[in-house]
Amino acid sequence: MNETSNNSNVIKDFATPIAIVVAGALMGAGLYFSGTPVTPQNVGTTAGQPAPAAPAGLTLTQLAEQSGVDGDDFDECLAAGTFRQDVQDDVDNAVATGGRGTPWSILIGPGGKTYPINGALPQPAIEQLIELARAEAASTESASESAQTNLYTPVTEADHIRGAVNAPIKIVEYSDFDCAFCARFHQTMKAIVAKYPGDEVAWVYRHFPLEQLHPNAATVALASECVADLGGDEAFWTFADTYLAS
Amino acid sequence: MKHTLSVLQEVFTQPKYFLLTLGLSWLFLTSIVVFLHARLIWQVISSPAVTLLDKELFLFTLYGVFGTNFSVFSVTVTFLTVLLLSMNISLLIHYLRRQRRLIGSKRGHAAGATGLIAGIFGIGCAACGSIIMSAIFASVGAGGLLLLLPFHGAEIGLLGIGLLLFSVQQLTKQVITSRVC
């Protein structure tokens, strides 16, 4: 009888902690297994569908026109999904370099050394990192480096660049137009390129739309490429600045 | 509720527990920053070309991610969780020290320690043990959950806060009734 009572007490005493552990384990497992990893194959699944509304109440076509591009040409380009492979290539490169979320950036120092920037770092941290990269480039002492970030696709004139293509410091950003933190980081990067001369620090914009989280992001990325194709890099940046400002 | 508040007042008006809670909170917040930027931090701190001051400045600037890389909701949940986690640990330490003091003699110390360890696994003073386990698991569970929420689902953090609040409440209750344990 006493033994039964003791057992019942033990069960009662352990009910709360067991409940907490089970709840925690279930929630953790649910979160872990429900998270779909970012895979290059997912890009562009929504492309070709009607253009979603851009922020500030504009359609993508209206935004493209505001950026200096003919609306009909833009619609045709977007419907054809012409630049799907280019966006895909950016995503592949983002994943290959270690990107698992947005914004994902790589700072390339004067000596070619790379630094991973995970998320929307504040402006002082970016400035500090630029100084560190300069200091390391000036030093003869070697230091550790991430081999993964070295896999970035070399920056060329074909990229969307603010600053000189041969600037000693380049920040390559892999971004998602529909990610709130990318919008914040966009403002940070605008401040960075405004602070440093273009022949010292360049900002390179590449695509990393996370369609699992933002179903329209790939379409907006394709739209921005259409704008760039039809109106040049200036039009691309106008489009990006306007879209990410709202 | 009244008892809970009086115990919290009793514990956290003592400078050592107040400072311990603050120190632990800082440690947990730093852990989050390090966890998010481990590769970059390692690269910077291991560089012989960067001065110690510059390394410190860089690490300091990284705390800004709580303003740029978190939504208002998620930063609130994160700070609350960190604070409650630290309070849990401080209360747990207070409880264990109090238990040892109440038992008194050296023999009592040993018996108390054995009793507590046994209690943790549900043997002997099972009531105390289950409370300690609740506190530990709620803390670990909530902390672990936060780390599993990289993008969204911050609302689930509220559940973690609930568990931690429950744990704090249970610990304070146990501090009051520990004489009968």
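The table below gives the values:
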item	result
Residue ID - farthest from B:A38 (Cα to Cα), chosen from residues in the stretch A:41-97 that are in contact with a strand residue (DSSP E or B) (Cβ under 9 Å, 6 or more places away or on another chain), at pLDDT below 90 and buried (at least 17 other Cβ atoms within 10 Å of the Cβ)	A:A51
Close pairs from the stretch A:184-202: first away from chain B (no Cβ under 13 Å) and over 13 Å from A:L107 (Cα atoms), partner among the β-branched types (V, I, T) and buried (at least 17 other Cβ atoms within 10 Å of the Cβ), Cβ under 8 Å, at least 6 apart	A:V193/A:V201; A:Y196/A:I130; A:Y196/A:I169
Output for the stretch A:222-234, where each listed residue is buried (at least 21 other Cβ atoms within 10 Å of the Cβ) and of a type in the set (A, V, I, L, M)	A:L222, A:A223, A:V227, A:A228
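The values are calculated or read from the model by the stated rules, or taken from the named source; none is laboratory data. Since the structure is predicted, the reported quantities are computational estimates derived from the model, not experimental observations. Cβ: placed from backbone, ideal geometry, glycine included. Neighbour counts: every protein chain shown.
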